[in-house]
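Have a look at the structure below before the remarks.
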Amino acid sequence: QVSTGSAPVFAHLSNSAGVWVSKLSDTLSKHFPGRGTALTNALLLGQSNLTSAEQGYQLMELAESARNDLSAYKLFTAQSFEPLAWETLPEDSPFKRSFREFLAKFGHRAVYEANIINPRWHEDPSYLLNIIKDFISISIYQDFRTKQKARNEGAWKEINQSLSFINRKVVKWLVNRAVKASEMREMSKSEVIRFLSPFRYTYLEIGQRFAGQQILRDKTDIFHVTWSEVKSLLTGDWDGKELRSMVEERKELRRQWEELAAPDIIEDESPQFVPVPSSEVLAGSTIGVGIGAAAGKASGIVRLIRTPGDWNRLNAGDVLVAPSTDPGWTPLFLKASAIIVESGGYLSHGAIVAREYGIPAVINVPNAMSKLKEGTRVLVDGDAGKVSLLPVECGD
């Protein structure tokens, strides 16, 4: 009943950003032909209190805290780093207090959080702690914020110099509406995930009981059991005699499915793949076209990151290339000079957060993971929505 009643509210909040961002872009395009999207991105840069973006900001702040906290700094810089040892820090550790506050606010989230099989951050914060360790060595927070402010102020300067008083007021009003709507969209996603938490913990409790009865090998195997099977076991209509072998088969099938490439479209229940050109691409050529989701241009070395678990392969200044993103990817954005994503739209998570951070991004680039080669250098044009190949020796 709660789920049914809340669905329209969540749907409204999730879709609210589209109207205002589009109106802002259309209005700017009338005054600045061909530059409406780029100016929209710049005006929204660093202005929102986006739940997903705030996670990244706070992780950078936590790195600053750990750098100035002797006990925490020793933990993070130890030759053999054990993430979960953070709980052994002294109770008066500023980092420990701050990290507890972070988990209280964001601990219900996870990598690929819509799937309740994945552990929440407050259950296992190892991923976050590894990201913080990485941030300690690069110290990017203040420089990051300074660049955001400069680019946003530059966009407003152009608006104020070119538009009349009335038009400036209209643009400012639309920016405020787009900012609030984007905040609501990301907040609603966060609350939907919080809403899912009881389902995960209920399933885990059931799994624990079934494991104790030898019906399952491990409590997490419950995520490979259908709800109808769970009900049959709970009511005593089935003894679950064959369930352990069924679960193993399903786990293997899931592993095989995860290795499959997702089709570009599904037409009449038949997956369709867009062929990837095999001809050699010359430096300077456009090798990908998509949606310019975040303004600006940046170049860097391509890193093909298939899951956030590959975070340690992404170096500061690399171009992050991903099949898709969700809030669990947010910390990786902060290290990238630019972002390329195979799927998603102008209002997808990756687009909204990249726009907030001010990281040039091109979204919805077909076959980006196969077209782009690891280690090559590319130029990402977030204004034009293009990705071009650069000579390896070309500097940023």
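The values are calculated or read from the model by the stated rules, or taken from the named source; none is laboratory data. Here the structure is a predicted model, which means the values were calculated and not measured. Heads up, the Cβs are rebuilt from the backbone with ideal geometry, glycines too, and the neighbour counts pull from every protein chain shown. For accessibility, only protein heavy atoms count, side chains too; no ligands or nucleic acids. Shrake-Rupley method; radii C 1.70, N 1.55, O 1.52, S 1.80 Å.
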Using the beta-carbon distance between Trp257 and Glu191 and R0 = 25 Å, what value does 1/(1 + (r/R0)^6) give for FRET efficiency, to the nearest 0.05?
0.30
Do the sum for the chain: with -39,500 (n - 2.57) for every DSSP H run of n ≥ 4, divided by all residues, what is the mean residue ellipticity at 222 nm, to the nearest 500 deg cm²/dmol?
-16500 deg cm²/dmol
Peptide ranges 21-33, 40-52, 85-97, 353-365 listed from the most packed, as the mean C-beta count within 10 angstrom indicates:
353-365, 40-52, 21-33, 85-97
Amide H neighbours of Gly344 under 5 Å, at least 5 residues apart or on other chains, H built in the peptide plane: list them.
Asn364
Just to check I understand the Karplus step: with θ = phi - 60° and J = 6.51 cos²θ - 1.76 cosθ + 1.60, what whole-Hz values come out for segment 77-85, glycine and proline as x?
9, 4, 4, 10, 7, 10, x, 6, 6
Label-zone membership for segment 334-363, site Ser370, 7 angstrom Cα→C-beta point, backbone N under 16 Å
342-343
Heavy atoms of Arg200 accessible to a 1.4 Å probe, total area in Å² rounded to 10
10
Which aspartates and glutamates does Lys373 reach when only Cα atoms under 20 Å apart count, and residues fewer than 8 places away in its own chain are ignored?
Glu259, Asp264, Glu280, Asp310, Asp318, Glu342, Asp381, Glu393, Asp396
Rounded to whole Hz, the Karplus (6.51, -1.76, 1.60) HN-Hα couplings of segment 27-33, x for glycine and proline
5, 5, 5, 5, 8, 10, x
Karplus (6.51, -1.76, 1.60) ³J(HN,Hα), θ = phi - 60°, over segment 285-294, in Hz, Gly and Pro reported as x
7, 6, 10, x, 10, x, 9, x, 8, 9
Rounded to two decimals, the Rg over Rh value of segment 176-306 from Cα coordinates and the Kirkwood Rh reads 1.14
Based on the mean of other Cβ atoms within 10 Å per residue, sort peptides 247-253, 221-227, 125-131 so the most packed one is first.
125-131, 221-227, 247-253
Under a straight-distance cross-link criterion of Cα-Cα below 22 Å, which lysines are reachable from Lys147, leaving out those fewer than 8 residues away in the same chain?
Lys157, Lys172, Lys297, Lys335
Roughly speaking, what is the centre-to-centre gap between segment 214-259 and segment 285-358 when only Cα atoms are used, to the nearest Å?
36
Run the accessible area of the chain with a 1.4 Å probe and give the carbon-and-sulfur part as a rounded percent.
53
Built amide H within the under 5 Å cut-off of Ala293, gap 5+:
Ala361, Val362, Ile363
Cut-off under 20 Å on the C-alpha distance; same-chain residues fewer than 8 positions from Lys251 excluded. Which lysines are left, in chain and number order?
Lys219, Lys241
Peptides 207-216, 323-332 ordered by average Cβ neighbours within 10 Å, highest first:
323-332, 207-216
Dipole magnitude (debye, nearest 20) for segment 193-271, charges at Cβ of Lys, Arg, Asp, Glu:
660
Convex hull volume per residue in cubic angstrom - Cα atoms of segment 142-187
69
The extension gain from Asn115 to Glu248, computed as 0.36 nm times the residue separation minus the Cα-Cα distance, is 46.0 nm
Just how much of Arg151 is accessible, in Å², when a 1.4 Å probe is used and the result is rounded to the nearest 10?
90
Rounded to the nearest 0.05, what FRET efficiency do Asp143 and Glu269 give with R0 = 45 Å and r taken as the Cβ-Cβ distance? Could you check?
0.35
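Grab the beta carbon distance between Thr226 and Ser22, set R0 = 51 Å, and tell me the FRET efficiency rounded to 0.05.
FRET efficiency, Thr226 to Ser22: 0.80.
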Amide H neighbours of Ile301 under 5 Å, at least 5 residues apart or on other chains, H built in the peptide plane: list them.
Val319
Please name which of Phe199, Leu243, Val179 has its Cα lying farthest along the dipole of segment 114-271 towards the positive end, using unit charges on Cβ (Lys, Arg +1; Asp, Glu -1) and the Cα centre as origin.
Val179
Need one number: nm distance between label points at Arg168 and Trp156, each 7 Å from Cα along Cα→Cβ, rounded to one decimal.
1.1
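Given +1 on the Cβ of Lys and Arg, -1 on the Cβ of Asp and Glu, and no further charges, what dipole in debye does the chain carry about its Cα centre, rounded to the nearest 20?
1380
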For the chain: span of alpha carbons on each principal axis (Å, largest first)
74, 61, 49
Report, in debye and to the nearest 20, how large the dipole of segment 282-336 comes out about its Cα centre when Lys and Arg carry +1 and Asp and Glu carry -1 on their Cβ.
100
